[in-house]
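What follows is a single structure, written as structure tokens, with notes after it.
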Amino acid sequence: MQGLLDTLFFEYPMTTTLVLLLLGGLVTVVAGQRSAAAAKAVAALSLAAALTVNVLLLLNVYLAGPVSHRFPWLGPEEAPIATLGFLGDGLSVPVAVLVLALGLFSVIYSFVYMRGLNNHGLYYGLMVWFVAAMVGVLYATDLLQFFVFYEAMLVPAFALVYLYGVSEDPEVRARNALQFWVWTALGGLISLFAVFMLYGALGTLDIATLQSMRGLLQVDLARLIGLVFLLGFGIKLGLVPLHVWAPRAYGEAPIPVLVLLSGAMTKTAAYGVIRIVIPLFADVMRSLSTGLMAVSLITMFYGAALAIAQRDLKMMLAYSSISQLGYLMFGYSTMTLIGVSGAVFQLVNHGMLASLMFFCAGAVEMRTGTMEFSGLGGLGPKMPGLATAFVIGGLALSGTPPMSAFAGEWMIFAGAAERAVLAGVGQPYYLALTVLGVVATGLTAAYYLWAIRRVFYGPVPEGLESVTDAPVTVLAIVSLIVLPVVVLGIWPRLLWVVVERVLSTFPLGG
């Protein structure tokens, strides 16, 4: 029996993770029929166990290198059409730890935020399954397997938005949830067409094998497939003008679900770009660099402008999230080692920081009953712990040292500057795009500082005189998120050392 446990945990940690989550979600649903407390406990324990396994896996990757295993899934064993396999390396494991941590925090946060639930088992089971599907995406070694998990995660996500959305009118809730489903499912299907074309051209779906065969693709076909992948991932990532689903879904979702949508689900699309598009279609990415940087800038400025215009803290954060994802794609677009490294940093940073800010916004709503700026003010002395976390998050997202986002943004803009130098004086638009990207960070600082002023300073509105600080559970969660934000800002090499091992194998410049 001990040998079996050793095999499961130390030889197949990714498989163990998925088994824990899939079974944990099922047991949560069943337990919820008898006791709300049991559903909460099972969901939290499942995610905590999975997170522990993956933290140990991250330590193994840091010290000893990647862990992988593959099994024939479809076709003959000697030459399978598709494989069922998992790869834990310097890209997949840090993002999986992020997703699992956010899943655990969202479930625990729900204990105090989602008090009016009718079916605790279903809600918490869907949350666990949502995380399981995202982890399956991150560890997949085969494109068909990748997209099975990629589409599967929409089922619990749609159910969570539809069943537990904030709109009292069920028709409005259904319309917002359906729009989210249609757009994100469309993004997955578009990318799936690219998978079929890739298999038709090279006869395999194994990502590592495809990477070794990338030079065999015809130039025009490679450009077409790369564009289709980018379009599909861009929809789920929420790049402008493909972001149509995001404001409605973000506005409809309750805070714990919103954390998983913005902080985790969009990162699976960003991960798809770095795992599939960049290593397989590097030349296509380089040829599209100018256009992709322009789209990224539009996303950055559009999201920032609408964030400034919002009268509601939740929607300000929603548009800020859209804007911040533009920085991530901007780093990818540089196609330099330092720029893409910065984008991976930003992937992790945004997951932590967007979640931190949404958790803080939910705590403000719990204590005051509103997230409208007009009904808030002067909460800093009354909520000192929450105000501290919110200020740290706002400054970090604005790129203020020594927080983690500063390191990510510095690398992104260094990569853009390197791209401008490589392009030479004959292509000055790269320099212009870099300057505009730096300018966009000023807008981020503007709307976050304004939000801090309107929520935590100034006169206290009538009725909020007796407001107290956030619940201890919430303060513990935001403190645990702030810790790595500061640590990675002071010592970014902790993350860079494992990320660079993977990125150095990609055909990047610089």
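Here are some notes:
- Qualifying residue in segment 398-418 (condition: over 28 Å from the mean Cα position of the chain (by Cα), in contact (Cβ under 8 Å) with a residue 24 or more places away in the chain and on the phi > 0 side of the Ramachandran plot): no
- Cross-chain or 6+ apart pairs with Cβ under 7 Å, segment 359-372 first and part of a helix (DSSP H, G or I), then among the aromatic types (Phe, Trp, Tyr) and buried (at least 20 other Cβ atoms within 10 Å of the Cβ): PHE359/TYR109; CYS360/PHE390; GLY362/TYR113; MET366/TYR113
- THR400 vs. criteria in contact with a Ser or Thr (Cβ under 7 Å, 6 or more places away or on another chain), surrounded by 13 or more Cβ atoms within 10 Å (Cβ to Cβ) and under 24 Å from ALA305 (Cβ atoms): no
- Checklist (1) part of a helix (DSSP H, G or I); (2) closer than 30 Å to GLU462 by Cα; (3) not acidic (Asp, Glu) applied to LYS382, failing item: (1)
- Matching entry among LEU202, LEU192, LEU143 (being in contact (Cβ under 8 Å) with a residue 60 or more places away in the chain, buried (at least 16 other Cβ atoms within 10 Å of the Cβ), of a type in the set (A, V, I, L, M) and over 30 Å from ASN119 (Cβ atoms)): LEU143
This table checks each residue for (1) over 21 Å from ALA307 (Cβ atoms); (2) in contact (Cβ under 8 Å) with a residue 60 or more places away in the chain.
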residue: TYR457; (1), (2): no, yes
residue: GLU465; (1), (2): yes, no
residue: PRO471; (1), (2): yes, yes
residue: ALA476; (1), (2): yes, no
residue: VAL486; (1), (2): yes, yes
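- Qualifying residue in segment 274-293 (condition: part of a helix (DSSP H, G or I), without any contact (Cβ under 8 Å) to a residue 40 or more places away in the chain and surrounded by fewer than 21 Cβ atoms within 10 Å (Cβ to Cβ)): yes
- Any hit, segment 236-247, residues being among the aliphatic types (A, V, I, L, M), within 29 Å of PHE130 (Cβ to Cβ) and at pLDDT 90 or above: no
- Tally of residues being of a type outside the set (A, V, I, L, M) and either crowded, with 19+ Cβ neighbours inside 10 Å or under 19 Å from the mean Cα position of the chain (by Cα) (or both) across segment 497-510: 0
- Extreme residue, nearest to GLY380 (Cα to Cα), among residues of segment 468-496 that are in contact with a Ser or Thr (Cβ under 6 Å, 6 or more places away or on another chain) and either of a type in the set (A, V, I, L, M, F, W, C) or surrounded by fewer than 19 Cβ atoms within 10 Å (Cβ to Cβ) (or both): VAL485
- Test result for GLY238, of a type outside the set (Lys, Arg) and surrounded by fewer than 23 Cβ atoms within 10 Å (Cβ to Cβ): no
- Within segment 323-337, tally of residues that are buried (at least 24 other Cβ atoms within 10 Å of the Cβ) and either among the hydrophobic types (A, V, I, L, M, F, W, C) or closer than 12 Å to SER504 by Cα (or both): 6
- Beta carbons closer than 8 Å, at least 6 apart along the sequence or on distinct chains, pair a first residue in segment 26-44 that is more than 22 Å from LEU100 (Cβ to Cβ) with a second that is surrounded by fewer than 20 Cβ atoms within 10 Å (Cβ to Cβ) for ALA36/LEU117.
- Unmet criterion (only one of (1) of a type in the set (Asp, Glu); (2) at pLDDT 90 or above; (3) over 23 Å from PHE406 (Cβ atoms)) for GLU500: (3)
- Of all residues in segment 298-321, those that are surrounded by 21 or more Cβ atoms within 10 Å (Cβ to Cβ), hydrophobic (A, V, I, L, M, F, W, C) and closer than 17 Å to VAL244 by Cα total 6.
- When ILE477, ILE481 are checked against the criterion of being modelled with pLDDT of 95 or more, under 22 Å from SER92 (Cα atoms) and under 21 Å from the mean Cα position of the chain (by Cα), ILE481 stands alone in meeting it.
- All positions within segment 446-457 that are touching a helix residue (DSSP H, G or I) at 6+ places or on another chain (Cβ under 8 Å) and either aromatic (Phe, Trp, Tyr) or surrounded by fewer than 20 Cβ atoms within 10 Å (Cβ to Cβ) (or both): ALA446, TYR447, TYR448, LEU449, TRP450, ILE452, ARG454, PHE456
- Boolean, GLY442 is surrounded by fewer than 17 Cβ atoms within 10 Å (Cβ to Cβ), of a type outside the set (A, V, I, L, M), without any contact (Cβ under 8 Å) to a residue 60 or more places away in the chain and at positive phi: no
- Against the numbered list (1) under 20 Å from the mean Cα position of the chain (by Cα); (2) over 19 Å from PHE146 (Cβ atoms), THR184 comes up short only at (2).
- LEU98 vs. criteria more than 18 Å from THR15 (Cα to Cα), modelled with pLDDT of 95 or more, among the hydrophobic types (A, V, I, L, M, F, W, C) and out of contact with any Asp or Glu (no Cβ under 7 Å at 6 or more places or on another chain): no
- Check on LEU395, surrounded by fewer than 24 Cβ atoms within 10 Å (Cβ to Cβ), hydrophobic (A, V, I, L, M, F, W, C), in contact with a Ser or Thr (Cβ under 8 Å, 6 or more places away or on another chain) and more than 15 Å from SER262 (Cβ to Cβ): no
- Search result, residues across segment 80-106 that are touching a strand residue (DSSP E or B) at 6+ places or on another chain (Cβ under 9 Å) and either in a strand (DSSP E or B) or more than 20 Å from VAL273 (Cα to Cα) (or both): PRO80, ILE81, ALA82, THR83, LEU84, GLY85, PHE86, LEU87, GLY88
Matching residues to (1) among the β-branched types (Val, Ile, Thr); (2) modelled with pLDDT under 95; (3) surrounded by fewer than 20 Cβ atoms within 10 Å (Cβ to Cβ):
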| position | (1), (2), (3) |
| --- | --- |
| GLN33 | no, yes, yes |
| ALA49 | no, no, yes |
| GLY65 | no, yes, yes |
| GLY88 | no, yes, no |
| ASN118 | no, yes, yes |
| TYR124 | no, no, no |
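The values are calculated or read from the model by the stated rules, or taken from the named source; none is laboratory data. Please read these numbers as outputs of a predicted model, since none were measured by experiment. Methodologically, a virtual Cβ is constructed for each residue, glycine included, from the backbone with ideal geometry; neighbour enumeration extends over all protein chains shown.
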